Amino acid sequence: MRKKIIAGNWKMNQTPKEAEKFIRDCKEKVKSDKADVVFCVPFVDLAAALDLLKNTGIAVGAQNMHFEDKGAFTGEISGKMLAEMGVQYVINGHSERRQYYAETDQAVNMKVKKALADALIPIVCVGESLEQRKQGVTVDFVRMQVKIAFKDIPAGSARKAVIAYEPIWAIGTGETATSEQAEEVCAAIRQTIAEMYGRETAEVLRVQYGGSVNAESAAELFAMPNIDGGLVGGASLKPEFAAIVQTAGV
Ligand code: PGA
C-alpha cells in the first residue's frame, strides 16, 4: 500500500518572515502520521522552514534546482546545495518552469537524474495543455513526458521519485480535473512506469494529482486507486491545507 503524499507548492509566495509566521501557525494542524507532508518553499525560505519543521515529520522541498553541482550559472541553485541544507524534496519540471523559463523535457530529465544522485526526492511534474486535451492527445503527451523525464534512470532510483500529474488548464484556474479525468491519466502514468521498469516499481512509485486541489475536491481525488495524494498550490497557503492533509489520512 502506497503512503499518500501531500505537497504544498508555495510558488513565489511568502517572505522569510511571512513563512516563519505561517509555519508556526499551521504546523501542528498539518502533521500527519498517515500521509507524508511536504512544504515546497522559495529558496530564501528554506532555512526558516527547515529550522521550524525539525522533528515534526513535515518535510521541506525546493521548487527547482540546476542539474550541475556548481559552475557559471548565475542565479541558479544546485541539488547538492539543497541536499546539504537538509532539503528532502525538489519539484522538477513544473509547467510554470516549462512555460516561463523554457525548461525542456531533456532539462527535466537531467534534473531528475541529478536530484536522485543527490539523494533528493524529485516531484516530477507532467501534464497537458487545454489544446492538447481538446485534440485528444493527453495520454500520449503525458506518456512521452514521463518517458523522457526518466530516460536512463535505473529502476532502483526511479521508484523513489514522485510524479505529479498536473493538467495545465487546471493549475490556478479553480477548475479541478474530475476524479475520473485525473485517475485516467494517473493510471496511464503508472502503466508507462510499468512498461519501463516492471510492475513492482510501478506499484511503489507514487503519483499525485495537482491543479486547483481544495478541501472539497481532495477526498474524491485521493480515493482513486492510482492517485497517491496531491501537489497543492493556492490552497497550500491557506488554513484549508490542513483539511486537505487530513483527507489523505482517512
Ligand atoms: P494550484 O497549483 O493548486 O494553485 O492549481 C498547483 C500547482 O501548480 O502545483
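The values are calculated or read from the model by the stated rules, or taken from the named source; none is laboratory data. None of the values given here were measured: they were computed from a predicted structure. Heads up, the Cβs are rebuilt from the backbone with ideal geometry, glycines too, and the neighbour counts pull from every protein chain shown. Areas reflect the complete protein model, heavy atoms only, side chains present, ligands, DNA and RNA absent. Shrake-Rupley method; radii C 1.70, N 1.55, O 1.52, S 1.80 Å.
Conditions (1) more than 17 Å from Ser95 (Cα to Cα); (2) open to solvent by 40 Å² or more (accessible area, probe 1.4 Å); (3) in a loop (DSSP other than H, G, I, E, B); (4) free of Cβ contacts under 8 Å to residues at least 40 places away in the same chain, marked per residue:
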{"position": "Arg133", "(1), (2), (3), (4)": "no, yes, no, yes"}
{"position": "Phe141", "(1), (2), (3), (4)": "no, yes, no, yes"}
{"position": "Met144", "(1), (2), (3), (4)": "no, yes, no, yes"}
{"position": "Gly156", "(1), (2), (3), (4)": "yes, yes, no, yes"}
{"position": "Ala187", "(1), (2), (3), (4)": "yes, no, no, yes"}
{"position": "Thr192", "(1), (2), (3), (4)": "yes, no, no, no"}
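Being without any contact (Cβ under 8 Å) to a residue 24 or more places away in the chain and in contact with a helix residue (DSSP H, G or I) (Cβ under 9 Å, 6 or more places away or on another chain) is true for just one of Gln181, Gln208. Which residue is that?
Of Gln181, Gln208, the one residue that is without any contact (Cβ under 8 Å) to a residue 24 or more places away in the chain and in contact with a helix residue (DSSP H, G or I) (Cβ under 9 Å, 6 or more places away or on another chain) is Gln181.
Anything in region 111-120 that is surrounded by fewer than 21 Cβ atoms within 10 Å (Cβ to Cβ) and not in a helix (DSSP H, G or I)? List them, or say none.
Asp118, Ala119, listed by residue number.
Could you go through region 110-120 and let me know if any residue there is touching a strand residue (DSSP E or B) at 6+ places or on another chain (Cβ under 9 Å) and farther than 22 Å from Glu76 by Cα.
Checked region 110-120: no residue is touching a strand residue (DSSP E or B) at 6+ places or on another chain (Cβ under 9 Å) and farther than 22 Å from Glu76 by Cα.
Could you list, ordered by first residue, the pairs with Cβ atoms under 6 Å in which the first is in region 1-26 and on the phi < 0 side of the Ramachandran plot and the second is away from the ligand (no atom under 16 Å from the Cβ) and assigned to a helix (DSSP H, G or I), at least 6 apart or interchain?
Between residues of region 1-26 that are on the phi < 0 side of the Ramachandran plot and residues that are away from the ligand (no atom under 16 Å from the Cβ) and assigned to a helix (DSSP H, G or I), the close pairs are Pro16/Val44; Pro16/Asp45; Pro16/Ala48; Ala19/Asp45; Ala19/Ala48; Glu20/Ala48; Ile23/Leu52.
Applying the selection to region 38-48, what residues are surrounded by 19 or more Cβ atoms within 10 Å (Cβ to Cβ) and part of a loop (DSSP other than H, G, I, E, B)?
Correct list: Val41 only.
Residue by residue through region 212-250, note down the ones that are assigned to a loop (DSSP other than H, G, I, E, B), open to solvent by less than 50 Å² (accessible area, probe 1.4 Å) and within 14 Å of the ligand (Cβ to nearest atom).
Selection gives Ser212, Val213, Asn214, Ala215, Ser217, Gly233.
Do we find that Ala59 is within 30 Å of Met1 (Cβ to Cβ), crowded, with 21+ Cβ neighbours inside 10 Å, touching a Phe, Trp or Tyr at 6+ places or on another chain (Cβ under 7 Å) and hydrophobic (A, V, I, L, M, F, W, C) in this structure?
In short, no.
Of the residues Tyr209, Tyr197, only one is open to solvent by 30 Å² or more (accessible area, probe 1.4 Å), of a type in the set (Phe, Trp, Tyr) and either within 15 Å of the ligand (Cβ to nearest atom) or closer than 23 Å to Ser157 by Cβ (or both); which?
Exactly one residue qualifies, and that residue is Tyr197.
Among Ser32, Ser95, which is open to solvent by 10 Å² or more (accessible area, probe 1.4 Å) and at pLDDT below 95?
Ser32
Under the condition of being in a loop (DSSP other than H, G, I, E, B) and under 20 Å from the mean Cα position of the chain (by Cα), which residue from region 57-75 is farthest from Ala107 (Cα to Cα)?
Selected residue: Gly57.
Can you give me the number of residues within region 158-169 that are within 15 Å of the chain's Cα centre (by Cα) and either surrounded by fewer than 24 Cβ atoms within 10 Å (Cβ to Cβ) or more than 10 Å from the ligand (Cβ to nearest atom) (or both)?
Summing the residues that are within 15 Å of the chain's Cα centre (by Cα) and either surrounded by fewer than 24 Cβ atoms within 10 Å (Cβ to Cβ) or more than 10 Å from the ligand (Cβ to nearest atom) (or both) in region 158-169 gives 8.
Which of the following residues is assigned to a helix (DSSP H, G or I), open to solvent by 10 Å² or more (accessible area, probe 1.4 Å) and away from the ligand (no atom under 16 Å from the Cβ): Asp152, Asp51?
Testing whether each residue is assigned to a helix (DSSP H, G or I), open to solvent by 10 Å² or more (accessible area, probe 1.4 Å) and away from the ligand (no atom under 16 Å from the Cβ) leaves just Asp51.
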